[in-house]
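Heads up: the structure comes next, in structure tokens.
The values are calculated or read from the model by the stated rules, or taken from the named source; none is laboratory data. As the structure is a computational prediction, the values presented were derived from the model and not from experiment. Every residue, glycine as well, gets a Cβ built from its backbone with ideal geometry; the counts of neighbours run over all protein chains shown. Ligands, DNA and RNA are excluded from the accessible area calculation, which covers all protein heavy atoms including side chains. Shrake-Rupley method; radii C 1.70, N 1.55, O 1.52, S 1.80 Å.
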Amino acid sequence: MLASVTTWLQHFHGPSAYLLCGALVFAEAGILLGFVIPGETAALVGGALASFGHVNLVVMLVVIIGCAIAGDSTGYEVGKWLGPWLLQRRPLKGSARVRKAEELIRRYGGPAVLLGRWVALARALVPGISGMSGMAYRTFLTFNAIGGILWGTTFVMIGYAAGASYQQVARTVGIYALIGVGALIVVFVVVRKVHEHRRLRASGAVEHDTAG
């Protein structure tokens, strides 16, 4: 099905191409279409269409980034108001992926929104679970915007550079995305541990001075 969608999309030009690629990116988290079609596929196709001359690269970047941020914000609101109801229904009921997304939010908070952006199914689930968990929208929006800009730019430009080879790139890019997320998590954990260690040392020093 995914191959059929990408082949279908590459025949579009101008406004219709912007509309379809943007809609697929928006719908990934906004209406959980990511269970069927990863948004990164539409972003890659958008970049490839720009390399063919079917669309303007800058406009496609703006469309993909804008729809990525708007889609996740919609997913946040859906999770905030309908989350418990949705979790009792398929395909979310009893899903191991939902549990992993919930754990990601519990462990990392706001940065989980940025990390989840780079993993297909987490990208569809994290916004809604963020809304359901009570995360402040200002926090969510900050990491959502940063992630949307970085993710949208990365995948559109990969599609643009790959050109006609974008379908082959699409089959392997998920592996590299997972590696990148793993590296980001390691860096985040190390920085957090160093910060906690320094805070504990500072606290110990203050207590020692007080006792002296």
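On the stretch given as segment 52-105, residues that are open to solvent by less than 40 Å² (accessible area, probe 1.4 Å) and not in a helix (DSSP H, G or I) total 3. For segment 7-19, a residue qualifies if it is open to solvent by 10 Å² or more (accessible area, probe 1.4 Å) and either outside any helix (DSSP H, G or I) or at pLDDT below 90 (or both), and the qualifying residues are 7, 8, 10, 11, 12, 13, 14.
In this structure, does residue 174 turn out to be within 21 Å of residue 75 (Cβ to Cβ), at pLDDT below 85, open to solvent by less than 80 Å² (accessible area, probe 1.4 Å) and not in a loop (DSSP other than H, G, I, E, B)? Yes, satisfied. Taking residue 55 as the residue in question, decide whether it is in contact (Cβ under 8 Å) with a residue 24 or more places away in the chain and over 21 Å from the mean Cα position of the chain (by Cα). Criteria met by residue 55.
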